[in-house]
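Student: Below is one structure. I have some questions about it.
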Amino acid sequence: MAASETSRTILLVEDERLVAIAQRRALERYGYAVVTAASGEEAVEAVRNAPDIDLVLMDIDLGPGMDGIAAAERLLALREMPLVFLSSHTESDVVERTERITSYGYIVKHSGDAVLDISIKMAFRLFAAKRRESETELALETGRVRTQALMNAIPDLMLLFDRNGYIVDYRPARGHGLLVPPERFLRQHVSDALPPYLAELTMERLDRVFDVGAQQVYTYTIGAGAHERFFESRLVPCGAELALSIVRETTEQEHTRSSMVRQSSILRALVDIASAYIDAPSSEADLIVADSLGRIGMCVKADRAYLFVYDDRRMAASNTHEWCASDVEPQREELQDVQMALLAPVHDSHSRGEPYVVSNTLELPEGELRAFFSGQGILSLVTVPLVTGGHCSGFVGFDFVRDRHLPSEEEIGLLTVFARILVNATQRRDAEKRVESLLHEKDLLLREAHHRVKNNLGIVRSLLGLEADRRDDSDGESARSILREAAERVGGMAALYDRLYASPDLTDLDIRDFLPPVVEEIVRLYDPAGAVRITTDVDSCPLSARQLSPLGIIINELITNSMKHAFPQRDGGLISITAARHGDTVAVTYEDEAQGVPAAPRTEAGGTFGLQLIHALAEQLGGTITSELSPGSRYRLVFPLQPNAARRDRTGTTASRERSL
C-alpha cells in the first residue's frame with residue numbers, strides 16, 4: 001500500500017459507538033489516522049478546528065439533531081474535501097437525497113473492510129481528478145479571460161481564414177463600420193469577397209503562413225485619389241487549419257507621413273530657392289524664378305505655377321514666368337495684358353493682402369472670370385499677392401487642371417513664403433542697380449575731376465614755360481632757369497598724378513606697375529630724344545596711394561636733379577632704379593651716371609629746397625633716405641610696408657590723395 005494513499009486523516013461520523021470502534025480499527029489497519037464524531041454538530045466542529053482532515057466518512061442516520069446529509073452540506077460549505085456516505089440505508093429516496101451533495105461514493109455498511117478501503121482510495125483519486133479538472137478549467141477560463149482582454153484591447157478588424165482561403169469569422173474594428181455587410185464576405189472565398197489584386201495577395205500570404213508557420217505582414221490600399229485608404233494586415237497561424245488576420249487602417253498615419261515628407265521637401269526647396277536668390281547675380285534672376293516655380297509646383301503636385309506682374313498705369317496684369325507639369329498646356333503667351341477689370345475679385349483680395357483661393361471654378365458665378373478660368377482648363381487655383389511697402393505689385397499662384405483640389409494651409413504658406421522671397425530678391429536687385437548706378441556716376445565724376453586736375457597742371461606748366469621764354473636777358477638766366485625748373489616739376493607732378501589716379505584701382509597699386517612708367521614719362525619730359533637711358537628692377541609689391549604719392553614726388557625730385565646737374569646737355573647718361581621688398585620694408589635705390597664726361601660739381605638734390613623736400617617726404621613715409629655723391633649720385637630710401645593703409649583710412653580718400661600731392 002502506498003504511503004501517500006494511506007497516511008491520510010479520516011473523519012468518521014457514526015452515532016453507534018460499537019460500530020464506530022469497529023470501523024476505526026479497520027481503517028487504522030489500512031494505515032489511516034481516524035478522528036470520530038458522534039453527531040453532525042460534532043463533525044462540523046471537528047472540520048472547523050482540524051484542517052488536517054483529508055476525507056469524511058458520513059453516516060446518514062445520526063439520531064436526534066442534524067442528519068448526515070445536512071451535516072455533509074455544512075462541511076462542504078466550510079471546506080472542499082472528499083466525502084463518502086457510509087450507511088445501511090439502501091432506499092432510493094435516501095440515496096436520491098445524497099445525490100444533490102457533492103460526494104465521492106456511497107458505501108453500504110458491512111460490505112467488508114476491503115470494499116471500504118477500495119472505496120476510500122477511489123474517493124481520494126476522484127477528488128484529485130476533480131481538483132485537477134477544476135484547476136484546468138480555471139486555467140482555461142483565466143486564459144480565455146486574458147485572451148478576451150487582449151482581443152478587446154486590439155481595436156483593429158480581425159478576420160479568421162481557413163486553409164482554403166474562406167473567411168470563417170470576423171470581428172469589426174472598434175469605432176469603425178465594415179466597408180461591406182458581413183453577408184458579402186462571411187463564409188465566402190477571398191476571391192469572391194475581395195478585389196482581385198487583394199485576393200491574390202491574401203492567398204499568397206495565407207499559403208506562406210501555413211507553409212512556414214510564421215507571421216506575414218503586408219500593406220494594401222482601397223480606393224483612389226482623395227478616397228484612397230491605406231491598410232496593414234498581420235496574418236498569423238491560429239492552429240493547423242486557421243489563420244488570423246489583424247487588419248489596421250493606416251490612412252491617417254500615411255497622410256501624416258506624406259505630410260511630413262511634403263513639408264520636408266517644401267522646406268528644403270525654400271532653403272534652396274532662398275540660397276539661389278542670395279548667391280546668384282541679378283543677370284540670372286529670370287532663370288532662378290523659372291526654376292523656383294518648378295520646384296514649388298512639384299512639391300505640391302500642382303499642374304501650373306506662375307508669376308503675374310500688375311501694371312497699374314495700364315490697369316493690366318501679365319504672366320511673366322510659368323512652369324507646367326508634363327502634358328499640361330502652357331498659357332503664358334495668352335496671358336499678357338489681362339485687364340484688371342476681368343480679374344477684379346483676384347485683385348481685390350490681393351489689395352487686402354489676402355490669398356485668392358478657388359477649390360472648384362465651376363461653383364463661381366456665371367461670368368467672364370469663370371469663363372477665363374475655364375478657358376485655361378483650371379479646376380482649382382490659389383494665388384498669393386506680392387506686397388511691397390503696402391502696395392500689391394503682382395501675384396504667384398498654382399493651377400490644378402487634372403483634378404479638383406482644395407489648397408491646404410501649408411500650400412498657401414509655401415506660396416506666401418515664396419512671394420516674400422521674390423519681393424526681397426526684387427528689392428535687393430533694385431537696390432543693387434541703384435548702387436551700381438551711383439557708383440558709376442561717382443566714378444565718372446571722380447575721373448572727370450582727375451582729368452581737370454591733370455589739365456590744370458598742364459596749363460600751369462605751359463604758363464610757366466611761356467613765362468620763362470618771355471624773360472629777356474635783362475632778367476638774368478637765374479629767373480628763366482627757375483621758371484623752367486618749376487615748369488618741369490609741374491610736368492613731373494602731372495605725370496605722377498596721371499599714373500596714380502588713372503588706374504582702375506584707386507586704393508592700392510603695385511609698385512612694379514607704377515614706378516617704371518612714371519620714371520620713363522618724367523625723364524622724357526626733359527629728354528624727348530631719349531639720349532638718357534633708363535634701367536629698372538622693381539619687385540612686385542602693392543602700396544597704397546598714400547605711400548605712392550610721396551614716393552613719386554621723391555623720384556620726380558631726384559630725376560629733376562639728375563637732369564639739371566648730371567645730364568645738362570642731354571647727350572647721354574644712365575638712370576638706374578631698383579625697388580626690393582625685404583619682409584615688411586621696401587628699399588628703393590636711385591642712381592645716375594653721366595657718360596663721356598665727368599659730372600659737374602653740385603650740391604645734394606640740387607640745393608637746399610630739394611634736400612628738405614626729399615627728407616620731409618621720407619619722414620612722411622616713416623622711412624629714411626641716405627645719399628652718396630661721387631662722379632654720379634646714389635640715393636637709398638627705406639620705408640615700412642603698409643599694405644592696409646588705404647583700407648584703414650577709407651573716409652576722405654580722394655581729399656587725402658590731393659593733400660599728398
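Student: Suppose R0 equals 56 Å; then what is the FRET efficiency for SER92 and TYR166 from their Cβ-Cβ distance, rounded to the nearest 0.05? List each step's numbers first, then the result.
Tutor: Working: r = 54 Å, r/R0 = 0.96.
It comes to 0.55.
Student: For the stretch 269-308, what class follows from the C-alpha gyration tensor (a ≥ b ≥ c being the square roots of its eigenvalues): rounded when a/c is under 1.5, otherwise prolate if a/b is larger than b/c, else oblate?
Tutor: oblate
Student: For the stretch 12-103, report the accessible area per residue in Å² (1.4 Å probe, heavy atoms, rounded to an integer).
Tutor: On the way: 4560 Å² over 92 residues.
So the stretch 12-103 comes to 50 Å² accessible per residue, rounded to a whole number.
Student: Multiply the residue gap between ALA114 and PHE609 by 0.36 nm, knock off their C-alpha separation, and tell me the result in nm, one decimal place. All intermediate terms of the calculation are to be shown ahead of the outcome.
Tutor: Values: separation 495, 0.36 × 495 = 178.20 nm, distance 15.78 nm.
This chain segment gains 162.4 nm when fully extended.
Student: Normalised by the number of residues in the stretch 105-258, what is the relative contact order in percent for Cα pairs under 8 Å and 6+ residues apart?
Tutor: Result for the stretch 105-258 is 18 percent.
Student: Just grab the label-to-label distance for VAL309 and SER540, each label 7 Å out from Cα along the Cβ direction, in nm (one decimal).
Tutor: Spacing of the two 7 Å Cα→Cβ label points: 4.4 nm.
Student: In the full protein assembly as shown, how much of ASP162 is accessible to a 1.4 Å probe, in Å² to the nearest 10?
Tutor: That residue has around 30 Å² of solvent-accessible surface.
Student: Taking a spot 7 Å from the Cα of ALA173 along the direction of its beta carbon, which residues of the stretch 183-204 have an amide N less than 13 Å from it?
Tutor: Taking a point 7 Å out along Cα→Cβ of ALA173, no residue of the stretch 183-204 has its backbone N under 13 Å.
Student: Then there is this: Which loop-located trypsin sites (Lys or Arg not before Pro) does the stretch 1-110 contain, where loop means any DSSP state but H, G, I, E or B and the Cβ has at most 15 other Cβ atoms within 10 Å?
Tutor: In loop regions of the stretch 1-110 (DSSP not H, G, I, E or B), the sparsely surrounded trypsin sites (Lys or Arg not before Pro) are ARG79, ARG100, LYS109.
Student: Report the local net charge at VAL44: Lys and Arg +1, Asp and Glu -1, summed over other residues whose C-beta lies under 12 Å from its C-beta.
Tutor: -1
Student: Would you work out what percent of the accessible area of the stretch 181-302, with all protein chains in place, is carbon or sulfur (probe 1.4 Å)?
Tutor: Here it works out to 55 percent.
Student: Between ARG581 and SER134, 0.36 nm times their residue separation minus their Cα-Cα distance comes to what?
Tutor: On the way: separation 447, 0.36 × 447 = 160.92 nm, distance 10.89 nm.
This chain segment gains 150.0 nm when fully extended.
Student: Please work out whether the stretch 210-368 counts as rounded, prolate or oblate from its C-alpha gyration tensor, where a ≥ b ≥ c are the square roots of the eigenvalues and a/c under 1.5 means rounded, while otherwise a/b larger than b/c means prolate and anything else oblate?
Tutor: Prolate, because a/c is 1.5 or more and a/b exceeds b/c.
Student: Let's test the formula: R0 of 56 Å, r as the Cβ-Cβ distance of ASN456 and GLU334. What FRET efficiency results, to the nearest 0.05?
Tutor: 0.35
Student: Same structure again: If you take the beta carbon distance between THR589 and VAL435 as r and set R0 to 56 Å, what does 1/(1 + (r/R0)^6) give as a FRET efficiency, to the nearest 0.05?
Tutor: Efficiency at R0 = 56 Å is approximately 0.80.
Student: Just want to confirm a number: the relative contact order over the stretch 151-238, from Cα pairs under 8 angstrom separated by 6+ residues, in percent.
Tutor: 18 percent
Student: Report the residues of the stretch 346-379 in range of a label on ARG404: point 7 Å along Cα→C-beta, backbone N strictly under 12 Å from it.
Tutor: Answer for the stretch 346-379: 359-364, 379.
Student: With a sphere of radius 11 Å drawn around the Cβ of VAL209, what net charge do the other residues whose Cβ falls strictly inside it have (Lys, Arg +1; Asp, Glu -1)?
Tutor: Net local charge, VAL209 excluded: +1.
Student: Just read off the accessible area of LYS433 with the full protein assembly in place, 1.4 Å probe, to the nearest 10 Å².
Tutor: 120 Å²
Student: OK, next. Please work out how much length the chain gains when fully extended from ASP286 to VAL271, using 0.36 nm per residue of separation minus the C-alpha to C-alpha distance, in nm with one decimal.
Tutor: 3.6 nm
Student: Separation between the LEU364 and MET122 pseudo-spin-labels, each 7 Å from Cα along Cα→Cβ, expressed in nm?
Tutor: According to this spin-label approximation, the distance is 9.9 nm.
Student: Can you give me the distance in nm between label points at ILE482 and ARG187, each placed 7 Å from the Cα along the Cα-to-Cβ direction?
Tutor: Roughly 13.7 nm, to one decimal.
Student: With Cβ to Cβ distances under 12 Å as the rule, what net charge do the other residues near LYS130 carry (K, R +1; D, E -1)?
Tutor: Neighbourhood net charge equals -1.
Student: Using a 1.4 Å probe and counting only protein heavy atoms, arrange MET66, MET315, MET81 so the residue with the most accessible area comes first.
Tutor: Largest accessible area first, the list is MET315, MET66, MET81.
Student: Looking only at the stretch 414-433, which residues have a backbone nitrogen under 17 Å from a spot 7 Å from the Cα of LYS442 in the C-beta direction?
Tutor: It comes to 431-433, nothing else.
Student: Let me make sure I get this right: for the stretch 42-119, a, b and c are the square roots of the gyration tensor eigenvalues over alpha carbons, sorted descending. Under 1.5 in a/c it's rounded, otherwise prolate if a/b > b/c, else oblate. Which is it? Kindly include the intermediate steps, with their values, before the conclusion.
Tutor: Numbers: a/c = 1.70, a/b = 1.26, b/c = 1.35.
Oblate, since a/c reaches 1.5 and b/c is not below a/b.
The values are calculated or read from the model by the stated rules, or taken from the named source; none is laboratory data. Everything numeric here is computed off the predicted structure, so don't read it as measured data. Every residue, glycine as well, gets a Cβ built from its backbone with ideal geometry; the counts of neighbours run over all protein chains shown. Quick note on the areas: whole protein, heavy atoms, side chains included, nothing else; ligands and nucleic acids left out. Shrake-Rupley method; radii C 1.70, N 1.55, O 1.52, S 1.80 Å.
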